[in-house]
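The structure appears below as structure tokens.
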Amino acid sequence: MGFKDELLEFTHAKIRFNEPMKRHTALGVGGKAKYFAEVDSLYGLNLLTTLAQKHRVKYKVIGNGTNVLVSDNGYEGIIICLKKLSDVFFKRDEVRAMAGANLDKLIKFTLDHRLTGLEALSGIPATVGGAVVMNAGAFGHNISDRITTVETLCGGKIKIYDKEDCKFSYRKSRFLGKKETVVSASFKLDGCERDAVMNNIKKYRERRKNVQPTGKSCGSVFKNPTKYSAGALIDKAGLKGYTLGGAKVSERHGNFILTDSRATASDVYALIQYIKEEIFNIFGVRLSEEVEYIGEF
Ligand SMILES: Cc1cc2nc3c(=O)[nH]c(=O)nc-3n(C[C@H](O)[C@H](O)[C@H](O)COP(=O)(O)OP(=O)(O)OC[C@H]3O[C@@H](n4cnc5c(N)ncnc54)[C@H](O)[C@@H]3O)c2cc1C
């Protein structure tokens, strides 16, 4: 039996063929995934990854697609989206969130249970899995600050990592770019008045609104190099508003690229390369991408 037949017969997951990835990414660009599946259980996830490995079909796990640029040529394998694996619950005195849970759902849960510690992440449109892998953060706080353990699935086995073993650093963890899927994370939070948690959420959302442009983007395109702000360098280089095809450097925040309805992944990629080249020529600083590429560029 081939991969496609086994996929349809055994996985019970919702499988789509030749699925346009622009539907599943915040940038709204990119070609088609040969196979696309949304899973809502660990069982389903394990079945799909095992099957892909057995048939030597490439696979990639995504969350909310808010930090990925998918090639216009698409992806010659299976993209597995975890958004439906989204429970948030108590495990003893910790909060545990499954990888597909939206960060805002997790933060609402902490608000309802009068717990503080994650509010700075409010408004980041990520899933818990994507945020753990990227060690997402804002306003001096990172998701790793409150993590105790991360649970993964790899080669059919569940593994639990203590925080110290996750190798968290700036927008990075040991899981980034690896064939190990983050399936849940546990958080140790402090008790707090509900109003105080609510006020924190409002405060951070307001701050976000003041700096972040609206429109389709992947958030910050580049990591901040040591001692510099990528956005400030791009601004100083006069690149705000610079446009290539349907991709444009935001006038509001130099580290954001906005896409319009004509944009292609190649436009975004070419703009990223142009910015890197300009910043190196002008300041001698090498920018590196925070956004993750999927497929061939
Ligand atoms: C408007 C906007 C604002 C943003 N603001 C911020 C911000 O303030 N701070 C910040 O840090 N980021 C920000 N981002 C970027 C983005 O939201 C984060 O990087 C986030 O962590 C990505 O989560 P995701 O679920 O969308 O992951 P995806 O984009 O789906 O995936 C990102 C990477 O993680 C991998 N991955 C995803 N889930 C898993 C999993 N369960 N197991 C293994 N690998 C996985 C993917 O393969 C990919 O390599 C913003 C983005 C947007 C669009």
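Some observations on this one:
- Considering only residues in segment 145-160 that are surrounded by 21 or more Cβ atoms within 10 Å (Cβ to Cβ) and more than 10 Å from the ligand (Cβ to nearest atom), the one that is farthest from E119 (Cα to Cα) turns out to be I147.
- Inter-residue pairs, beta-carbon under 8 Å, first among the basic types (K, R) and in segment 67-96, second assigned to a loop (DSSP other than H, G, I, E, B) and at pLDDT below 95, 6+ apart: K84/V39; K84/D40
- Hey, S266 assigned to a loop (DSSP other than H, G, I, E, B) and not assigned by TED's automatic domain parsing to the domain that holds K22 or not: no
- Residues located in segment 230-250, provided they are loosely packed, with under 15 Cβ neighbours inside 10 Å and part of a loop (DSSP other than H, G, I, E, B): G238, G241
- Residue in segment 14-32 that is of a type in the set (S, T, Y), at negative phi, at pLDDT 95 or above and in a loop (DSSP other than H, G, I, E, B) present: yes
- Here G100 fulfils each of the conditions (1) crowded, with 23+ Cβ neighbours inside 10 Å; (2) away from the ligand (no atom under 13 Å from the Cβ) apart from (2).
- Checked across segment 167-182, the condition of being touching a Gly at 6+ places or on another chain (Cβ under 6 Å) and not in a helix (DSSP H, G or I) holds for at least one residue.
- Selection from segment 19-37 of residues that are more than 16 Å from V57 (Cα to Cα) and within 14 Å of the ligand (Cβ to nearest atom): M21, K22, R23, H24, T25, A26, L27, G28, V29, G30
Results for (1) more than 15 Å from the chain's Cα centre (by Cα); (2) within 10 Å of the ligand (Cβ to nearest atom); (3) of a type in the set (F, W, Y), shown as yes or no for each residue.
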position	(1), (2), (3)
N46	yes, no, no
K60	no, yes, no
Y75	yes, no, yes
L82	no, yes, no
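- For segment 110-143, the set of residues classified as within 13 Å of the ligand (Cβ to nearest atom), small (G, A, S) and more than 25 Å from K84 (Cβ to Cβ) consists of A120, G137, A138, G140, listed by residue number.
- Only listed residue being touching a helix residue (DSSP H, G or I) at 6+ places or on another chain (Cβ under 8 Å) and under 30 Å from G74 (Cβ atoms), chosen from F222, F168: F222
- Residues satisfying the stated conditions in segment 15-53, i.e. in contact with a Gly (Cβ under 7 Å, 6 or more places away or on another chain), within 18 Å of A99 (Cβ to Cβ) and not aliphatic (A, V, I, L, M): H24, T25, N46, T50
- Segment 185-215 - residue that is within 11 Å of the ligand (Cβ to nearest atom) and of a type in the set (S, T, N, Q) and, of those, surrounded by the fewest Cβ atoms within 10 Å (Cβ to Cβ): T214
- Pair list, Cβ under 8 Å, 6 or more apart: segment 270-297 residue on the phi > 0 side of the Ramachandran plot, other residue surrounded by 14 or more Cβ atoms within 10 Å (Cβ to Cβ) and assigned to a loop (DSSP other than H, G, I, E, B): G295/G30; G295/G31; G295/S71; G295/N73; G295/G74
Per-residue answers, yes or no, for (1) closer than 30 Å to D195 by Cβ; (2) in contact with a strand residue (DSSP E or B) (Cβ under 7 Å, 6 or more places away or on another chain); (3) not small (G, A, S):
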| site | (1), (2), (3) |
| --- | --- |
| E119 | yes, no, yes |
| T127 | yes, yes, yes |
| N135 | yes, yes, yes |
| A138 | yes, no, no |
| H141 | yes, no, yes |
| R146 | yes, yes, yes |
| L153 | no, yes, yes |
| K157 | no, no, yes |
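- Count - residues of segment 103-121 that are surrounded by 23 or more Cβ atoms within 10 Å (Cβ to Cβ) and assigned to a loop (DSSP other than H, G, I, E, B): 1
The values are calculated or read from the model by the stated rules, or taken from the named source; none is laboratory data. Fair warning: this is a prediction, and the values are worked out from it, not measured in the lab. Here the Cβ is made from the backbone with ideal geometry for all residues, glycine too, and neighbour counts use every protein chain on show.
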